[in-house]
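S.K.: Please see the structure below; I have some questions.
The values are calculated or read from the model by the stated rules, or taken from the named source; none is laboratory data. None of the values given here were measured: they were computed from a predicted structure. Cβ sites come from the backbone with ideal geometry, for glycine too, and all protein chains shown count toward neighbours.
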Amino acid sequence: MSSYSVTEPSARSKSVAAVLVVLYAVITLLPLLWIISTSFKTGPDSISYPPKAIFSPTVEGYVNLFTNRTRATTEQLATMPPPANFAEEIVRKRNEVITGPSRFGERFLNSVIIGFGSTFLSIMLGTLAAYAFSRFKVPLKDDLLFFILSTRMMPPIAVAIPIFLMYRTLGLSDTHLGMILLYTGVNISLAVWLLKGFIDEIPREYEEAALIDGYTRFQAFRQVVLPQAATGIASTAIFCLIFAWNEYAFAVLLTSGNAQTAPPFIPTIIGVGGQDWPAVAAGATLFLLPVMIFTILLRKHLLRGITFGAVRK
Amino acid sequence: MPNPLDTAARATPDRIARKLRGLSDRAIAWAFVAPTIFLLLAINIFPLIWTIRLSFTNFAANKPNAEVKWVGLRNYERILTDPDIWQTMQATAHFLVWTIVLQVLIGFTLAWLINRKFRGNDLLTTLIVLPMMLSPAVVGNFWTFLYQPQIGLINYAVEFFTGIPASSFSMLGSVTLAPWAIVIVDTWMWTPFVMLICLAGLRSIPDYIYEAAEVDRASPWRQFWTMTVPMVLPFLMLAVLFRGIENFKMFDLVVQLTGGGPGDTTLLSSIELKREAFEKWRTGYSSAYAIILFVTVFGLASIYVKALNKVKER
Amino acid sequence: MTAFISGLLSFRRGPWEMLATILIALGVVMLMQPFALWAFTWSFVVTLTGTVMFIITSHFPE
């Protein structure tokens with residue numbers, strides 16, 4: 001037998017394919033690179049014509065993102081004590097003074113609290129339900145599973161109307177708890193579907209052996225199934241986290257101050273005469289970068305969950 | 001901790017033991033499923049039933065104390081005979097059809113190229129996937145910057161390659177260009193999704209099929225159309241249905257890009273629903289609208305699940 | 001075609017699900033087509049019928 005194989009593409013077709021895919025990757029990543037680079041530009045650099053690819057980087061955008069500022073005249077600035085830190089120094093050069101921290105820190109923290117809170121809840125409840133669906137005869141199982149899946153597909157705005165009324169009555173609107181429960185309600189369907197797929201793949205024999213050894217069902221679940229499903233649980237958790245992190249429709253309709261997350265907040269960052277693009281880009285960079293890094297680091301586990309577990313590898 | 005029921009089970013004859021264990025299994029099954037079902041009832045089903053009820057009334061959420069009148073099917077009648085609502089459905093259709101066409105064409109081509117298995121293809125796949133993992137609202141907001149007539153990167157690129165002056169057109173401000181501007185951003189964001197599913201489809205084709213075709217001396221062109229395409233088609237169906245459902249209810253990305261404008265040309269159904277429900281506060285009317293959208297999505301979702309099960313059997 | 005009809009008559013799942021799928025698809029097309037307002041008006045009824053039919057027929061035997 002020769003080493004020639006019909007399913008192994010020729011070297012030439014491989015390199016042509018590689019060049020085309022690299023070209024696409026460059027084009028598709030350009031907007032993301034542009035966000036990151038804009039966050040390090042000064043205001044005038046960010047809106048120059050032609051667009052600047054090479055510029056001297058500054059953290060002005062980040063300073064603007066985290067602070068509220070006000071204009072000051074040169075005389076006022078002259079009477080002030082010397083700038084206490086690098087942020088003050090940058091701001092003073094533009095004849096401004098810092099009046100206090102901006103809302104961005106709070107909003108970012110809200111995103112973290114609501115994201116992790118809802119992920120934790122969905123994974124906890126989802127693992128239990130997925131295990132039950134995978135191992136036991138649940139009456140109307142298929143209907144329940146379909147029902148669970150279809151709730152995920154509901155248009156958020158359609159659900160938002162009654163949720164808005166319900167939360168208003170219960171006093172849950174614009175609270176962290178309300179948002180955590182809401183995102184859990186949306187995420188749990190995905191969690192159950194994905195986790196059921198992962199648990200289905202764990203051989204039943206392991207638990208049966210444990211049961212014979214005198215473990216109770218619950219002990220077998222905790223000490224045999226959970227460790228086996230750990231990677232599945234972790235990648236499902238990332239999916240839930242990314243959803244809650246990125247969610248916009250519910251956040252913009254149901255939160256206004258206290259529990260507002262970053263996605264509705266970032267587009268509202270404005271400077272003098274319109275959006276302050278370096279600050280917006282800085283907010284976007286800080287907000288998007290964790291997801292990008294997660295995606296690259298965890299690519300093997302993430303890609304599978306993308307279509308409710310239909311993608312196997 | 002030893003469970004008394006279990007200890008009892010081990011001491012009793014096999015048949016009864018199994019029965020006891022079976023009983024506790026059932027209890028465990030319910031205990032495990034109950035919290036999920038309860039949460040779904042509270043967050044999804046109860047609101048849904050409430051929406052159905054509201055859809056037959058003239059309730060307005062900003063006037064909770066006003067008298068609520070039962071109007072029967074009047075809300076549905078008004079929505080389904082309203083040419084403006086019909087118009088938003090057509091805007092949705094334009095968005096839906098073109099995003100799906102472009103994403104399938106580009107996504108399949110990419111998957112087909114990546115399936116050549118050149119070195120570094122998995123890292124490239126990850127990089128290409130990045131846009132779809134990001135927040136549509138935040139990214140959509142930044143795209144308005146890229147689309148700026150004078151200073152935006154997109155307009156500059158168009159000027160650079162075609163010579164059309166960058167300041168002479170506005171992707172988001174022009175009635176003819178805006179519907180395409182949102183198609184471009186959605187395609188940029190979601191082509192990787194279609195690509196991933198096609199890739200899964202391509203990788204599910206066993207090698208021996210091609211080996212057999214080689215023995216039969218089928219041309220590569222013939223192999224592509226008679227084997228590759230039919231084998232990937234169920235996966236492609238899945239991708240099309242999923243993107244169809246997602247884009248039918250598209251909200252965040254387009255709200256940030258155009259907000260429905262200019263002149264309602266990109267007013268998709270979800271954005272119109274948001275206006276009716278949360279700006280005009282016609283809660284009863286918009287509940288009926290929500291039910292219409294929901295039934296459509298639910299119908300498509302049932303087809304999707306059927307297709308998904310078919311693919312999973314492979 | 002005759003197999004399809006006899007399948008419908010004997011309440012088999014396959015043909016009924018197919019019919020429901022066609023109705024849903026037809027309803028969605030009617031909802032978003034740009035040609036006739038009456039088709040838009042009746043689209044919801046068609047989709048609803050198809051969806052309900054789908055839920056019921058998914059419990060028919062294979």
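S.K.: Can you pull out every residue in region A:108-144 that is in contact with a Lys or Arg (Cβ under 8 Å, 6 or more places away or on another chain), among the aromatic types (Phe, Trp, Tyr) and in a helix (DSSP H, G or I)?
M.R.: Once the filter is applied, which keeps residues that are in contact with a Lys or Arg (Cβ under 8 Å, 6 or more places away or on another chain), among the aromatic types (Phe, Trp, Tyr) and in a helix (DSSP H, G or I), region A:108-144 yields only A:133.
S.K.: Related question: Which condition number does residue B:192 fail, the rest of (1) within 9 Å of another protein chain (Cβ to nearest Cβ); (2) surrounded by fewer than 17 Cβ atoms within 10 Å (Cβ to Cβ) being met?
M.R.: With (1) within 9 Å of another protein chain (Cβ to nearest Cβ); (2) surrounded by fewer than 17 Cβ atoms within 10 Å (Cβ to Cβ) applied to residue B:192, the lone miss is (2).
S.K.: Still on this model: Conditions first: (1) more than 9 Å from chain B (Cβ to nearest Cβ); (2) assigned to a helix (DSSP H, G or I); (3) at pLDDT 85 or above. Residue A:189 passes all but one, so which condition is the exception?
M.R.: (1)
S.K.: Also, quick follow-up: Looking at region A:132-158, which of its residues are within 19 Å of residue A:114 (Cα to Cα) and within 7 Å of chain B (Cβ to nearest Cβ)?
M.R.: Within region A:132-158, just A:156 meets the criteria.
S.K.: Pick out the one residue from A:91, A:159 that is modelled with pLDDT of 80 or more, surrounded by 18 or more Cβ atoms within 10 Å (Cβ to Cβ) and touching a Pro at 6+ places or on another chain (Cβ under 7 Å).
M.R.: Among A:91, A:159, only A:159 is modelled with pLDDT of 80 or more, surrounded by 18 or more Cβ atoms within 10 Å (Cβ to Cβ) and touching a Pro at 6+ places or on another chain (Cβ under 7 Å).
S.K.: Right, next: Which one is surrounded by the most Cβ atoms within 10 Å (Cβ to Cβ), of the residues in region B:39-67 that are in contact (Cβ under 8 Å) with a residue 24 or more places away in the chain and in a loop (DSSP other than H, G, I, E, B)?
M.R.: Restricting to residues being in contact (Cβ under 8 Å) with a residue 24 or more places away in the chain and in a loop (DSSP other than H, G, I, E, B), the top hit is B:55.
S.K.: Regarding region B:143-157, can at least one residue be identified that is away from chain C (no Cβ under 14 Å), buried (at least 18 other Cβ atoms within 10 Å of the Cβ), of a type in the set (Val, Ile, Thr) and not in a helix (DSSP H, G or I)?
M.R.: Checked against the condition, which is being away from chain C (no Cβ under 14 Å), buried (at least 18 other Cβ atoms within 10 Å of the Cβ), of a type in the set (Val, Ile, Thr) and not in a helix (DSSP H, G or I), region B:143-157 yields at least one hit.
S.K.: Only one of these is within 7 Å of chain A (Cβ to nearest Cβ), assigned to a helix (DSSP H, G or I) and farther than 25 Å from residue A:247 by Cα: B:124, B:105, B:130. Name it.
M.R.: Going through B:124, B:105, B:130 in turn, just one is within 7 Å of chain A (Cβ to nearest Cβ), assigned to a helix (DSSP H, G or I) and farther than 25 Å from residue A:247 by Cα: B:124.
S.K.: So if I check each of A:103, A:107, which one is touching a helix residue (DSSP H, G or I) at 6+ places or on another chain (Cβ under 7 Å), among the basic types (Lys, Arg), buried (at least 20 other Cβ atoms within 10 Å of the Cβ) and in contact (Cβ under 8 Å) with a residue 24 or more places away in the chain?
M.R.: A:107
S.K.: Listed residues A:106, A:75, A:60, A:88; which is charged (D, E, K, R) and in contact with a Ser or Thr (Cβ under 9 Å, 6 or more places away or on another chain)?
M.R.: A:60
S.K.: Test residue B:226 against the stated conditions and say whether it is hydroxyl-bearing (Ser, Thr, Tyr) and at pLDDT 90 or above.
M.R.: no
S.K.: Being at the interface with chain A (Cβ under 8 Å from one of its Cβ atoms) and outside any helix (DSSP H, G or I) is the filter here, so list the residues in region B:264-288 that pass it.
M.R.: none
S.K.: With respect to residue A:265, is the statement that it is part of a helix (DSSP H, G or I) and modelled with pLDDT of 85 or more true?
M.R.: When the stated conditions are applied, residue A:265 passes them.
S.K.: Filter region A:259-279 for residues that are more than 17 Å from the chain's Cα centre (by Cα) and more than 7 Å from every other protein chain (Cβ to nearest Cβ) and give the result.
M.R.: A:268, A:269, A:270, A:271, A:272, A:273, A:274, A:275, A:276, A:278, A:279
S.K.: Further question: Is it fair to say residue A:126 is facing chain B (nearest Cβ under 9 Å) and in contact (Cβ under 8 Å) with a residue 12 or more places away in the chain?
M.R.: yes
S.K.: Do we have residue B:231 as farther than 30 Å from residue B:86 by Cα and in contact (Cβ under 8 Å) with a residue 12 or more places away in the chain here?
M.R.: Yes: the conditions hold for residue B:231.
S.K.: Here's something else I'd like to know. Are there any pairs, at least 6 apart or on different chains, whose C-beta atoms fall under 8 Å, with the first in region C:1-13 and farther than 10 Å from residue C:60 by Cβ and the second of a type in the set (A, V, I, L, M), and if so, which?
M.R.: Short answer, once both residue conditions are applied: C:4/C:18; C:8/C:19.
Here's the yes/no breakdown for (1) under 22 Å from residue B:48 (Cα atoms); (2) within 19 Å of the chain's Cα centre (by Cα):
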{"site": "A:68", "(1), (2)": "no, no"}
{"site": "A:73", "(1), (2)": "no, no"}
{"site": "A:78", "(1), (2)": "no, no"}
{"site": "A:86", "(1), (2)": "no, no"}
{"site": "A:113", "(1), (2)": "no, yes"}
{"site": "A:146", "(1), (2)": "yes, no"}
{"site": "A:161", "(1), (2)": "yes, no"}
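S.K.: In the list A:182, A:190, A:121, A:144, which residue meets the criterion of being within 21 Å of residue B:306 (Cα to Cα) and in contact (Cβ under 8 Å) with a residue 12 or more places away in the chain?
M.R.: The conditions single out A:190.
S.K.: Can you pull out the residues in region A:233-251 that are buried (at least 22 other Cβ atoms within 10 Å of the Cβ) and touching a Lys or Arg at 6+ places or on another chain (Cβ under 9 Å)?
M.R.: A:249
S.K.: Name the single residue, out of those in region C:25-52 being in a helix (DSSP H, G or I) and farther than 18 Å from residue B:301 by Cα, that is farthest from the chain's Cα centre (by Cα).
M.R.: Step by step, filter region C:25-52, then rank; the result is C:37.
S.K.: Let me ask you something else. Tell me which residues, restricted to region C:37-62, are closer than 21 Å to residue B:77 by Cβ and more than 10 Å from chain B (Cβ to nearest Cβ).
M.R.: none
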